[in-house]
Every structure is written in C-alpha cells, then in structure tokens.
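**Student:** A single structure is presented below for examination.
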Amino acid sequence: MKYKSKKEFLDSVVDNYSDQKEFHQAVEEVIHSIWDTATSNEEYCKFNILDRIVVPDRTIIFRVPWMDDKNNVHVNLGYRIQFNSAIGPYKGGLRFHPNVNLGVLKFLAFEQVFKNSLTGLNLGGGKGGSNFDPKGKSDKEIMSFCYAFMNELYRHIGRRTDIPAGDIGVGGREIGYMFGQYKKIRNAFTGVLTGKGTNWGGSLIRPEATGYGLVYFVLEMLNVRKDSLKGKTVTLSGSGNVAQFACEKLIELGAKPVTLSDSSGFIHDPDGITQEKIEYVKKLKSVRSARISEYAKKFNVEYVEGKRPWSIKCDIALPCATENELNLDDAKQLTDNGCYVVAEGANMPSTTNAVHHFINQKILYGPGKAANAGGVAISGIEMSQNSTRIPLSRDKVDGLLKEIMQRIHTTCVKYGKKDDFINYVDGANIGGFVRVADSMIDQGIV
Ligand code: NDP
Ligand code: 2IT
C-alpha cells in the first residue's frame, strides 16, 4: 500500500489539484467511505485502483466563440470531462452557468461515475458544460451558443463514446439545438444526447425522472421505518427541472411541499404548493431569467429575498438547486425543527459538515449520487430505446424508474447498514465503487 493513511492520500489529491475545491470535497467524501474496502483488498492495491479512480480518462477544454444579437463577439470556455469508462460509455450532463469551472465539473463527473454504477446500467461517468450564462439571452443567442459549443464538442462524443444530457441551464430546448447541430455536422441521426424531444428519439418520463426518482427514493427510505409520505410537510430548494417534478410527485402522493427557491430567494406557501401552482412555475421558469418571487406576488404568499428555505419547519427537506446550498447551521436548524429526512435532488448540495451532522443525528439522509440517479437512469433507458428503435410507454418507463430507485436503495442498505442504522453515504459510495473497481481490474492497466 503506497499511502500510510487516508490523510496522506487526500493531501496528495489537494496538492495535485490545488485550485479545485469542489473536486476535493467530492473525493474526500468518497474516500472516507471506500478506504477500508479499497485498502484491504489485495487486487485493488495491486492494480492501484485508488490513484487511478481519482484521475479522469481525459479532460477536454475548448474555446466557444459566438455572436450576440447586437453582433458583439463573445468567447466562453467549453469543457467535457470523460472521467471513467470501465462500465460503459461516458454519460453525464452539460451545465451552462457562470460559476462553471474545472473544479466544479470534475466534482460532478467524479460523482457521476459512482451514481451511474449504482443504476446497474452500463454507463460510464462524465460531465461537461460552459461558463456561459443563459440568463437574459434571447432564443437566437441560446441557439448560436449551442451551435458554437457543438462545433467543437461533436468530435469528442458519440453514441458509443460519450452521451451528454442536460443539467443546470440545459433543458429540452438546448438539447434540441445541440442535437440539430451534431446531426448536421455528422450527417447521422443517433442517440448521441439524451433528454431529446419525444418526436425525435426522446423518452417519455425523462424530464420528470430526476424529481420523480428522488421521491421514489424517499419512499424507500421511509418504508424502512414503516413510514409514508402522506401528510408530510416538505421544503424544497430550486425551482427548475428537478424541483418542479419532485414537487409534482409529492403532491400526487399526498405530501405537502411548501417552499421553492432560486438564486434570488425563496417562497413559502404554508397551505401547500398545488398541481395548478406547479404548472404556473413550469411556465414561469421556462424563461431562464424569470424569478420565483413572481409566485409570491401571484399567490399572495411570503417571499424571502437572498435566503434559502432551510429555516422553515418541515418533516422532509429536498435540496434541488446547486452544490453547497445547505451548510452546518442550516442542517442544525432543520433537525432542531424536527426534520428527519433529507434527500438530495441536487449534486452535493450539503457541505461536508452538514452531512456529518445528518449522519451523527441518525436521520434518513440520502446523498445525491443515490437519490438523484433517476435522471441518468432514464437517460440510459432512452439510449436503449434509441438502439432498439422501439419507444416504451409512459407506464413502462415509470415502472423501470421505480425498479431502479428500489435497486439503488437495496444496494445502499447492503453496503451501508451497520447495526440498526443505514449510512446511505457509505452504502452509495461503496456500492458504486466496487462495480467500477472490479471492472477496471478485469480490463487491466488501461
Ligand atoms: P435547472 O437549470 O432546471 O434549475 C436550477 C435551479 O437551481 C434554479 O431554480 C436555479 O435558480 C437554482 N440555482 C442554480 N444555481 C444556483 C446557485 N448557484 N445558487 C442558488 N440557486 C441556484 O437545473 P436542474 O433542476 O436540472 O438541476 C438542479 C440540480 O439537480 C443541480 O445540482 C443538478 O446538477 C442536479 N441534477 C439534475 C439532473 C437532471 O436530470 N436535470 C439529474 C441529477 C441531478 P436560478 O434560476 O436563479 O438560476
Ligand atoms: O447529474 C446528473 O445525473 C444529470 N445531470 C443527468 C445526466 C444524464 O446523463 O442524464
């Protein structure tokens, strides 16, 4: 064993990538969980899996020049991190947000490796995007940017190589423009992106899958305690794709979602967000610069500027906006107020200290790589429909989503249960790791 301690290994990661703090955070969490598994296994040590699993297969960074409606020329950075392909072609979303940088995308790609492994499908891990800010851009500017982004990305992706999808700032519209440009350049109609429109190869339920899957995962966690969603008060952050469909499923299953947020603030609707109100949010937020404060004006409820919704009393909290949006103070406030379930629709929304607090308090805490895996899982099902050319019904896809979320829960229990407590962080990390590590060994030193 090359390293004397976990700390020595983690220090080496920090030294090698000193400016990538989100990546360190994601690696640290995984390494804490898998350390004993990775260092007590002779094969894992012989093949130096630890050193290899934290280095991407390749990191592609490129220039994206585009022109706005006033004929000004702009340049953004484009990225694709192809992290690990031991169990399948690279798969993961594209994020368009001004905060995007190498550290953020490496953390997302690294997490994606374990998440995709947990789905049980043959999907490797990747992530990409740009520091382009879609807020306030016209439809034509979005189209120009998507074309320019694909003008370089196309050479690195393919249906058997790397299959991108959406993430923050990238939804059905952006996938459409990027798919159109890929098809034009390659003169090939293939399932090279997921989240496509259902007229041209998309899967039913893919837009809903992350949010619905998150709620199915919460149901599994509650089920362990013979508990249900009926009548539970739920706080959610975000008001985009994941938050909207999580809300919708909560309403259908008899829970009461009471908050939504965006980067400007949050709304509190103590009577509960209804399906009608969610339809309003979907329409409102189809314009990326629209603010959730409009909800408060329309439905005459409280809006809190510049804050997140974790001060609101709830049984269940579902962070569905972005990384590190829930810190230790928020975590304490949540549990002090009686919250006993936290499940992550977003990727790494809880800070390291907040995660430790949830685990110390022994609440039901479902980390993103398990709880939000429904989106990529149905992306995998979209790929299989593209290969067979046979579209599946809504019920069939929804059934598969439930099955996959149940299977992920079972894996978390298998690897994370000690005495009476299920540590879902350990369960998800070890469960995801073992499959990838064993596959890396089967394939030798590549
Ligand atoms: P959307 O772009 O549809 O919505 C993002 C939401 O989060 C918006 O409400 C946005 O507010 C808010 N948000 C974004 N960045 C910040 C920030 N820095 N601070 C505060 N609020 C912010 O994205 P998604 O709903 O698709 O993604 C949400 C989360 O879920 C992300 O962490 C993503 O990685 C994760 N995820 C997404 C999946 C998918 O299939 N889409 C799958 C699995 C995970 P504003 O409008 O003000 O920017
Ligand atoms: O974080 C994620 O899992 C996603 N953004 C979805 C990735 C995908 O390929 O569907």
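**Student:** Under the condition of being in a helix (DSSP H, G or I) and open to solvent by 10 Å² or more (accessible area, probe 1.4 Å), which residue from segment 341-354 is farthest from ligand 2 (Cβ to nearest atom)?
**Tutor:** Step by step, filter segment 341-354, then rank; the result is Asn353.
**Student:** Quick one: is Ala331 under 25 Å from Val104 (Cβ atoms), in a helix (DSSP H, G or I) and at pLDDT 95 or above?
**Tutor:** So Ala331 passes the test.
**Student:** Go through segment 355-366 and give me each residue that's buried (at least 24 other Cβ atoms within 10 Å of the Cβ) and either without any contact (Cβ under 8 Å) to a residue 60 or more places away in the chain or part of a helix (DSSP H, G or I) (or both).
**Tutor:** Within segment 355-366, just Phe358 meets the criteria.
**Student:** Could I ask something else about it? Looking at segment 191-212 only, could you name the residues that are outside any helix (DSSP H, G or I) and touching an Asp or Glu at 6+ places or on another chain (Cβ under 6 Å)?
**Tutor:** Hits for segment 191-212 are Thr194, Ser203, Ile205.
**Student:** Another question, if that's okay. Mind checking which pairs have a first residue in segment 139-155 that is of a type in the set (S, T, N, Q) and a second that is open to solvent by less than 50 Å² (accessible area, probe 1.4 Å), Cβ under 6 Å, 6 or more apart or different chains?
**Tutor:** Final answer for the pair search is Ser144/Trp66.
**Student:** Suppose we filter Ile267, Ile251, Ile278, Ile273 for residues that are modelled with pLDDT of 95 or more, over 21 Å from Ile378 (Cβ atoms) and away from ligand 1 (no atom under 12 Å from the Cβ); which single one remains?
**Tutor:** Residue meeting the stated conditions: Ile273.
**Student:** Can you tell me which residue among Asn116, Asn131 is in contact with a Leu (Cβ under 6 Å, 6 or more places away or on another chain) and within 22 Å of Ala373 (Cα to Cα)?
**Tutor:** Matching residue, one of Asn116, Asn131: Asn116.
**Student:** State all residues of segment 354-392 that are of a type in the set (S, T, N, Q), in contact with a helix residue (DSSP H, G or I) (Cβ under 9 Å, 6 or more places away or on another chain) and away from ligand 1 (no atom under 16 Å from the Cβ); if no residue qualifies, say none.
**Tutor:** Across segment 354-392, the qualifying residues are Gln361, Gln385.
**Student:** Oh, and also: For segment 146-191, name all the residues that are within 15 Å of ligand 2 (Cβ to nearest atom), touching a strand residue (DSSP E or B) at 6+ places or on another chain (Cβ under 6 Å) and of a type in the set (Asp, Glu).
**Tutor:** Listed by number, the residues that qualify are Asp162, Asp167.
**Student:** From (1) within 24 Å of Ser85 (Cβ to Cβ); (2) among the hydroxyl-bearing types (Ser, Thr, Tyr); (3) open to solvent by less than 50 Å² (accessible area, probe 1.4 Å); (4) not in a helix (DSSP H, G or I), pick out the condition that doesn't hold for Thr59.
**Tutor:** With (1) within 24 Å of Ser85 (Cβ to Cβ); (2) among the hydroxyl-bearing types (Ser, Thr, Tyr); (3) open to solvent by less than 50 Å² (accessible area, probe 1.4 Å); (4) not in a helix (DSSP H, G or I) applied to Thr59, the lone miss is (3).
**Student:** Give the residue that is most open to solvent (accessible area, probe 1.4 Å), with candidates limited to residues of segment 304-323 that are within 13 Å of Val258 (Cβ to Cβ) and within 15 Å of ligand 1 (Cβ to nearest atom).
**Tutor:** Residue satisfying both the conditions and the ranking: Val304.
**Student:** Then there is this: Condition first: away from ligand 2 (no atom under 16 Å from the Cβ), touching an Asp or Glu at 6+ places or on another chain (Cβ under 9 Å) and either touching a residue at least 60 places away in the same chain (Cβ under 8 Å) or in a helix (DSSP H, G or I) (or both). Now tell me which residues in segment 243-278 satisfy that.
**Tutor:** Correct list: Glu248, Lys249, Ala255, Ser261, Gln275, Lys277, Ile278.
**Student:** Which numbered condition trips up Thr37, out of (1) open to solvent by 30 Å² or more (accessible area, probe 1.4 Å); (2) closer than 17 Å to Lys369 by Cβ; (3) under 18 Å from the mean Cα position of the chain (by Cα)?
**Tutor:** (3) is the only condition that Thr37 fails.
**Student:** What is the one condition in (1) part of a loop (DSSP other than H, G, I, E, B); (2) open to solvent by less than 10 Å² (accessible area, probe 1.4 Å); (3) within 16 Å of ligand 2 (Cβ to nearest atom); (4) not acidic (Asp, Glu) that Lys369 does not satisfy?
**Tutor:** In the conditions (1) part of a loop (DSSP other than H, G, I, E, B); (2) open to solvent by less than 10 Å² (accessible area, probe 1.4 Å); (3) within 16 Å of ligand 2 (Cβ to nearest atom); (4) not acidic (Asp, Glu), Lys369 misses (1) alone.
**Student:** Take Val215 and tell me if it is part of a helix (DSSP H, G or I), touching a Lys or Arg at 6+ places or on another chain (Cβ under 8 Å) and of a type in the set (Val, Ile, Thr).
**Tutor:** Judged against the criteria, Val215 is a match.
**Student:** Do we have any residue at all in segment 150-162 that's open to solvent by less than 10 Å² (accessible area, probe 1.4 Å) and assigned to a helix (DSSP H, G or I)?
**Tutor:** Yes, because at least one residue in segment 150-162 is open to solvent by less than 10 Å² (accessible area, probe 1.4 Å) and assigned to a helix (DSSP H, G or I).
**Student:** Can Met143 be described as outside any loop (DSSP other than H, G, I, E, B), away from ligand 2 (no atom under 15 Å from the Cβ) and of a type outside the set (Gly, Ala, Ser)?
**Tutor:** For Met143, the condition - outside any loop (DSSP other than H, G, I, E, B), away from ligand 2 (no atom under 15 Å from the Cβ) and of a type outside the set (Gly, Ala, Ser) - is met.
**Student:** Which ones in segment 227-239 are over 18 Å from Val342 (Cβ atoms) and crowded, with 24+ Cβ neighbours inside 10 Å?
**Tutor:** Ser239, the sole residue that qualifies.
The values are calculated or read from the model by the stated rules, or taken from the named source; none is laboratory data. Every value quoted in this text rests on a predicted model; they were computed, and no experiment measured them. Glycine gets a Cβ as well: all are built from the backbone with ideal geometry, and neighbour counts include every protein chain shown. When the accessible area is computed, the model is the full protein with side chains, heavy atoms only, and any ligands, DNA or RNA have been set aside. Shrake-Rupley method; radii C 1.70, N 1.55, O 1.52, S 1.80 Å.
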